[in-house]
Amino acid sequence: MRIKNAVLHTMEGIDFENGWMTSANGVITGIGPMGICPEQPGEEWLDLKGAHVYPGFIDAHTHLGMWEDGLNFEGDDGNEETDPLTPQLRAIDALNPMDRCFREALESGVTTVVTGPGSANPIGGQLAAVKTFGKWIDKMIVKAPLAMKMALGENPKSVYHGKGQAPITRMGTAALIREQLYKARRYQEDLERAEADEEIDPPEYDSKCEALLPLLRREIQAHIHCHRADDIFTAIRIAEEFQLDYVIVHGTEGHLIAEELAEKKVRVLNGPILCDRSKPELRNLTPACPGKLTAAGVQTALITDHPVIPIQYLPLCAGLAVREGMDREAAMRAITIEPARICGIDSRVGSLAVGKDADCVVFRQNPLTLAAKPEKVFVAGREV
């Protein structure tokens, strides 16, 4: 990829009103103003003639490929509703990159997503960060596992109340999560003792505890689904108890407790905001939430929760947030560098910088408007 005469929005603190960028082997190799463009005679360059170039957009909470478009049970692989505690489940074993929504993501400029299990279970399984271009999920992975999915609030209650088993209360949900984390911590201690003393037998293999070891070691994050303020505080309580690296997913009532979240340095993947109040815990939903969170100093990214909101409307969600008070630059960062930083994948994606993946999207219009559509999308330097 060699592009020139473009407005480069790097999300790195410096933009180029008329710049160039090159890539090789899938990563950015150079970027700068046209005054120092390294163009050589005979080289083929793409002249963008003033178009705007942004990093590929990132949706940090989706179920892309888990609930396939246009299918019912046959394509529903997002919730294993047979056991409330399923940390051993891996998103990559269910993802179908042939789902046409991957193509729709690309066509809207979304080049990286975090996707995985839904919120039926208090512990749902392992989330993955993947590119939206490809046929074989193993070749599309940015990081897997990226995080352990947990859920508080209405969803686990609703699922298991109907089955007549725990949890049917918020107390029950928290207790199950805590119990499983304690088991995993004890399992970890037993493994360490056996490793230190050859006369001690290791514990019997436990797939659930094994899956939680990277979480306890802070090698992966806990992404905790919660909408209501009280559920958010429960998530913080459990995460602090086990010293987890955690992120709040949804945070619908975050605008009511923005100062408290800022004080705790809580990170929030906020959304969906382009939807109705479809259940009681969404009664305080407002598209002004992301703007209020960022104004309070809370690190915030915007999400669609696809298929709740179709993933191609991620830029439109950012535009709605701007309409409701969010700073435009903050909104652009909320679908590029901020989700990358929150999820710990910013060494590869989220901004235009030498050494990062050559994922970028070209617009002639303001990308946060309804009429805007990318002119070109590149993934790993390849026009897709």
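The values are calculated or read from the model by the stated rules, or taken from the named source; none is laboratory data. As the structure is a prediction and not an experimental result, all values here were calculated from the model. Note: ideal-geometry Cβ built from the backbone for every residue, glycine included; neighbour counts use all protein chains shown. The protein model used for the area step is the full one, side chains on, heavy atoms only, and it has no ligands, DNA or RNA in it. Shrake-Rupley method; radii C 1.70, N 1.55, O 1.52, S 1.80 Å.
Before moving on, here are some points about what is shown:
- Tabulated pairs, segment 347-367, first part of a strand (DSSP E or B), second open to solvent by 10 Å² or more (accessible area, probe 1.4 Å) and small (Gly, Ala, Ser), C-beta under 7 angstrom, 6+ apart or interchain: ASP357/GLY26; ASP357/ALA380; PHE363/ALA372
- Members of segment 336-346 that are open to solvent by less than 20 Å² (accessible area, probe 1.4 Å) and either among the charged types (D, E, K, R) or part of a loop (DSSP other than H, G, I, E, B) (or both): THR336, ILE345
- Filter result (open to solvent by 10 Å² or more (accessible area, probe 1.4 Å), touching a residue at least 60 places away in the same chain (Cβ under 8 Å) and closer than 17 Å to ALA211 by Cα) within segment 90-148: GLN126, LYS143, PRO145
Table: residues versus (1) under 24 Å from ILE342 (Cβ atoms); (2) touching a helix residue (DSSP H, G or I) at 6+ places or on another chain (Cβ under 6 Å).
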site: LYS163; (1), (2): no, no
site: TYR205; (1), (2): no, no
site: ILE232; (1), (2): yes, no
site: GLY254; (1), (2): yes, yes
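- Of all residues in segment 317-330 being part of a helix (DSSP H, G or I) and out of contact with any strand residue (DSSP E or B) (no Cβ under 7 Å at 6 or more places or on another chain), the one that is farthest from ARG267 (Cα to Cα): ARG323
- Condition broken by THR10, with the remaining ones in (1) outside any loop (DSSP other than H, G, I, E, B); (2) open to solvent by less than 60 Å² (accessible area, probe 1.4 Å); (3) of a type in the set (Ser, Thr, Tyr) satisfied: (1)
- Residues of segment 17-51 that turn out to be basic (Lys, Arg) and in contact (Cβ under 8 Å) with a residue 60 or more places away in the chain, as a count: 0
- From the list ALA321, ALA295, the lone residue that is open to solvent by 20 Å² or more (accessible area, probe 1.4 Å) and not polar (S, T, N, Q) is ALA295.
- Count of segment 69-97 residues which are assigned to a loop (DSSP other than H, G, I, E, B) and over 30 Å from ASN366 (Cα atoms): 18
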